[in-house]
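Chemist: Below is a structure I'd like to ask you about.
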Amino acid sequence: MELHSVSEKHKANAVKQAEQIRLCLSLAKEYFDAAQTVSLTTKPVLLYYSIMNLALAEVLFKQTGESSLDFARDQHRHHGLAFTVGEFKPNDDLTFSATKLVAEPMLRKANGTRFGTFELWHKTARQHPAIGRSDDATTGTNRLSPLTIPRTETMPLINEKGITLAYCLQRMPSLAGSVDPLGLPSEIVRASIRLDRTNEKEVRLTYLFHPYKPETIKRALDQFSFPPALVPNVDIEERGTGAKVEFLFPAQSQYSVSLGDCYNWDEEQLFLHTKTEPLNEFGLFYVSLYILGNYARYFPDRWVKDIEMASPVCLIAEELVEKSAERFPVLALSELRQSIIIAKTTRVW
């Protein structure tokens, strides 16, 4: 009631909404627990229904009563995505086969508007700020803080032609070190961010880009934007296949600086997008599990053969379901707590 400024006279509606959230969380856990007892053959299906119910819990928590389950059944009675699969063989490489597995947005025939559970979720899904160490020598404090301001507007719509499994895999931090060896280049860059204040007059914001392909790092740097007046205060230094970017601000400055979208990973590292994306990390798992779940459910002859032959799709699917089970419950909890949950680390910055 406090979150949505609901008056006391509408408390019954708020209680109903809260009860529906509880039921969605309960069902998500049932599917999740069941997924831990089965093989890869059916695991993607169960994990998809788990994450879909967590997406519904997010919708019910963030949105108004017009997004209640009753309303959703009336106006959005569909997953919100449509699955298509092209021809590929188990021995085809991942670069080819993962582009043949596609999730498309559902459109109403009458007017072309989007609908379904995924569309409801996407309306209030947002990217997160970058979390990093803030070290203030003037007060002797050192703590984790949001160091950037994320975009507040809705993320771009996914293309009407859909999003492929390959597209999702290339943008998942969990799989950043796995897709490249399989021939599918990662489209995110690992980095660290830190804010230092050594005196009362200025603060220094530092980005360190970990070594990766220079062209990918350049695309991530292209997401940075700041006013012309700040140009003399920005220093970009190439470090082999990595880079270092420093912003020096007057302590009381009101500069508006955009550093692009990112995924937080642990206390000392994050992953940067190379362009404005239609999905956050939770959304990437959501769409990927939808694709794999539908492939397993409606194409069992092909899916089982992939498993038996240990195809590239099978190998990456095995890692994907493992990583998704570690990450998407935490990401959903972050939304419901309205705080960002990240892992501890022992690395020294």
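The values are calculated or read from the model by the stated rules, or taken from the named source; none is laboratory data. Since the model is a prediction, treat every value here as computed from it, not as a measurement. All Cβ positions, glycine included, derive from the backbone under ideal geometry; neighbour counts span all protein chains shown. Each accessible area value is taken on the protein alone, full model and side chains, heavy atoms only, with ligands, DNA and RNA left out. Shrake-Rupley method; radii C 1.70, N 1.55, O 1.52, S 1.80 Å.
Results for (1) within 21 Å of Glu153 (Cα to Cα); (2) assigned to a helix (DSSP H, G or I); (3) of a type in the set (Lys, Arg), shown as yes or no for each residue.
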site: Gln252; (1), (2), (3): no, no, no
site: Phe282; (1), (2), (3): yes, yes, no
site: Asn294; (1), (2), (3): no, yes, no
site: Ile307; (1), (2), (3): no, yes, no
site: Glu318; (1), (2), (3): no, yes, no
site: Arg327; (1), (2), (3): no, yes, yes
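Chemist: Let me spell it out: the conditions are (1) of a type in the set (Gly, Ala, Ser); (2) open to solvent by 60 Å² or more (accessible area, probe 1.4 Å); (3) assigned to a helix (DSSP H, G or I), and Ser39 meets all of them except one. Which number is the exception?
Modeler: (3)
Chemist: Take the residues in segment 64-86 that are touching a strand residue (DSSP E or B) at 6+ places or on another chain (Cβ under 8 Å) and in a loop (DSSP other than H, G, I, E, B); name whichever of them is most open to solvent (accessible area, probe 1.4 Å).
Modeler: Gly86
Chemist: Pairs only if they're at least six apart or on different chains, beta carbon under 7 angstrom, first in segment 139-151 and under 20 Å from His273 (Cα atoms), second part of a loop (DSSP other than H, G, I, E, B) and among the basic types (Lys, Arg); list them, first residue then second.
Modeler: What qualifies is Pro150/Arg126.
Chemist: Okay, next question. Looking at Leu169, Leu147, Leu120, Leu157, which is the one that is open to solvent by 40 Å² or more (accessible area, probe 1.4 Å) and not β-branched (Val, Ile, Thr)?
Modeler: When all the criteria are applied, what remains is Leu157.
Chemist: Now for a different question. Tell me, which residue of segment 176-224 that is of a type in the set (Val, Ile, Thr) and part of a loop (DSSP other than H, G, I, E, B) is most open to solvent (accessible area, probe 1.4 Å)?
Modeler: By that ranking, first place goes to Thr198.
Chemist: Which one is farthest from Thr138 (Cα to Cα) among residues in segment 231-259 that are buried (at least 16 other Cβ atoms within 10 Å of the Cβ) and of a type in the set (A, V, I, L, M)?
Modeler: Here the answer is Ala243.
Chemist: Sticking with this one: All but one of (1) open to solvent by 20 Å² or more (accessible area, probe 1.4 Å); (2) under 16 Å from the mean Cα position of the chain (by Cα) hold for Glu267; which doesn't?
Modeler: Of the numbered conditions (1) open to solvent by 20 Å² or more (accessible area, probe 1.4 Å); (2) under 16 Å from the mean Cα position of the chain (by Cα), the odd one out for Glu267 is (2).
Chemist: Oh, and also: I'd like to check something: does segment 291-300 contain any residue that is buried (at least 20 other Cβ atoms within 10 Å of the Cβ), of a type outside the set (A, V, I, L, M, F, W, C), out of contact with any strand residue (DSSP E or B) (no Cβ under 8 Å at 6 or more places or on another chain) and closer than 29 Å to Ala98 by Cα?
Modeler: Among the residues of segment 291-300, at least one is buried (at least 20 other Cβ atoms within 10 Å of the Cβ), of a type outside the set (A, V, I, L, M, F, W, C), out of contact with any strand residue (DSSP E or B) (no Cβ under 8 Å at 6 or more places or on another chain) and closer than 29 Å to Ala98 by Cα, which makes the answer yes.
Chemist: Of these, Leu60, Leu23, Leu47, which one is open to solvent by 80 Å² or more (accessible area, probe 1.4 Å) and touching a helix residue (DSSP H, G or I) at 6+ places or on another chain (Cβ under 9 Å)?
Modeler: Leu23
Chemist: Here's another thing I want to ask about it. Report whether or not Val321 is at pLDDT 95 or above and under 30 Å from Leu144 (Cβ atoms).
Modeler: yes
Chemist: Out of segment 1-36, which residues are outside any helix (DSSP H, G or I), more than 18 Å from Leu336 (Cα to Cα) and in contact (Cβ under 8 Å) with a residue 24 or more places away in the chain?
Modeler: Residue satisfying the conditions is Gln36 alone.
Chemist: Are there any pairs, at least 6 apart or on different chains, whose C-beta atoms fall under 6 Å, with the first in segment 226-240 and under 22 Å from Pro214 (Cβ atoms) and the second modelled with pLDDT of 90 or more, and if so, which?
Modeler: Val234/Phe247; Asp235/Glu246; Ile236/Val245; Glu237/Lys244
Chemist: Which numbered condition trips up Leu54, out of (1) open to solvent by 30 Å² or more (accessible area, probe 1.4 Å); (2) touching a residue at least 24 places away in the same chain (Cβ under 8 Å)?
Modeler: Checking Leu54 against (1) open to solvent by 30 Å² or more (accessible area, probe 1.4 Å); (2) touching a residue at least 24 places away in the same chain (Cβ under 8 Å), the one that fails is (1).
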